[in-house]
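S.K.: To start, I am sharing the structure in question, which I have written as structure tokens.
Derivation of every value follows stated rules applied to the coordinates shown; laboratory data play no part. Since the structure is predicted, the reported quantities are computational estimates derived from the model, not experimental observations. As a convention, Cβ positions derive from the backbone with ideal geometry for all residues, glycine included, and neighbour counts pool all protein chains shown.
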Amino acid sequence: MMDKLIGSTLKEIRIEKKISQRKLAEMAGITNGHISKIEKNKSDVSVAILNRITNALGISICDLFLRVEDGS
């Protein structure tokens, strides 16, 4: 359940910050396809990749998890 919330929450934050999937992927050093799969909850995400994504979004992993918890 938490994985599904992480993907959709990352997408919400990305959209709020007006960052495209392509730009986020570039900033995080991963592929656009991987970002898409994470956001669609079709791929598990490691802590290392999650850290790269949250850093690119300008938030901490802790902030992400707090937001996921608030939305559940």
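S.K.: Restricting to DSSP H runs of at least four residues, report the calculated mean residue ellipticity at 222 nm for the chain, -39500 (n - 2.57) per run over all residues, nearest 500 deg cm²/dmol.
M.R.: The helix-only estimate for the chain comes to -22000 deg cm²/dmol at 222 nm.
S.K.: Going toward the positive end of the dipole of the chain, with +1 on Lys and Arg Cβ and -1 on Asp and Glu Cβ, which of 58, 43, 24 do you reach last?
M.R.: Projecting each Cα onto the dipole axis, the largest value belongs to 24.
S.K.: Also: With +1 on each Lys and Arg Cβ and -1 on each Asp and Glu Cβ, how big is the dipole of the chain about its Cα centre, in debye rounded to the nearest 20?
M.R.: I would put it at about 360 debye.
S.K.: Mind listing the phi-derived Karplus ³J(HN,Hα) values for region 50-61, rounded to whole Hz, using 6.51, -1.76 and 1.60 with θ = phi - 60°, and x for any glycine or proline?
M.R.: With the stated coefficients, region 50-61 comes to 4, 4, 5, 5, 5, 4, 5, 7, x, 10, 8, 4 Hz.
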